[in-house]
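Only the coordinates and a few stated rules stand behind these numbers; no lab work does. All values derive from a computational prediction rather than experimental measurement. Here the Cβ positions follow ideal geometry from the backbone for every residue, glycine too, while neighbour counts run over all protein chains shown.
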Amino acid sequence: MRPLYDDGRIRCDDEGLFIGRYYPWGAQRIPYRRIRAAAPFDLGILRGRLRIWGSTDLTHWYNLDGARPRKTTGIDLDLGRHVHPCITPDGPAEVLRLIEAHSPKAT
């Protein structure tokens, strides 16, 4: 499937979102239909900016992204589970647009 967005860590295609290096052993694929909400947030000292990978609060999980300290915006993905994947794509507005276009549940 041809990617609609790909920055090397986050990839979107017609079916869903691919999060590279989500787990220590691999990636996670999330179909758009599973995304209940996608909310942008400002990265800050207490909200992920210095978090290269993993979680500090056991609710928000960040994939491996060594460039995160230089980024300003993240996206919180609500999948209806306790743990929310939090991603920091190079083009957050484009990823949000694609999620919204492909998932009627996303806000």
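Just how many % of Cα pairs in the chain lie over 22 Å apart, if you round to the nearest whole percent?
Numbers: 1187 of 5671 pairs.
The answer is 21 percent, as a whole percent.
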Next item on the list: For the range 73-87, just list the computed ³J(HN,Hα) in residue order, Karplus coefficients 6.51, -1.76 and 1.60, θ = phi - 60°, integers in Hz, with x standing in for Gly and Pro.
Entry: 10, x, 10, 8, 9, 8, 10, x, 10, 4, 8, 9, x, 10, 10
Item checked: From phi via Karplus (6.51, -1.76, 1.60), per-residue ³J(HN,Hα) for the range 60-69 in Hz, x at Gly/Pro -> 10, 10, 9, 6, 5, 8, x, 8, 4, x
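Based on the Cβ-Cβ distance from Arg29 to Trp53, what FRET efficiency comes out when R0 is 22 Å, to the nearest 0.05?
Numbers: r = 18 Å, r/R0 = 0.83.
Calculated transfer efficiency: 0.75.
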Notebook entry, point to check: Given H placed on each backbone N at 1.01 Å, which residues far from His84 in sequence or on other chains put an amide H within less than 5 Å of it?
Noted result: His60, Trp61
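Taking only C-alpha pairs under 8 Å that are 6+ residues apart, what is the relative contact order of the chain in percent?
Numbers: 212 pairs, mean separation 28.1, N = 107.
Here the relative contact order equals 26 percent.
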Next item on the list: Tabulate in residue order the Karplus-calculated ³J(HN,Hα) for the range 12-29, using 6.51 cos²θ - 1.76 cosθ + 1.60 with θ = phi - 60°, rounded to whole Hz; enter x for Gly and Pro.
Entry: 10, 10, 5, 9, x, 10, 10, 10, x, 6, 6, 9, x, 9, x, 9, 10, 10
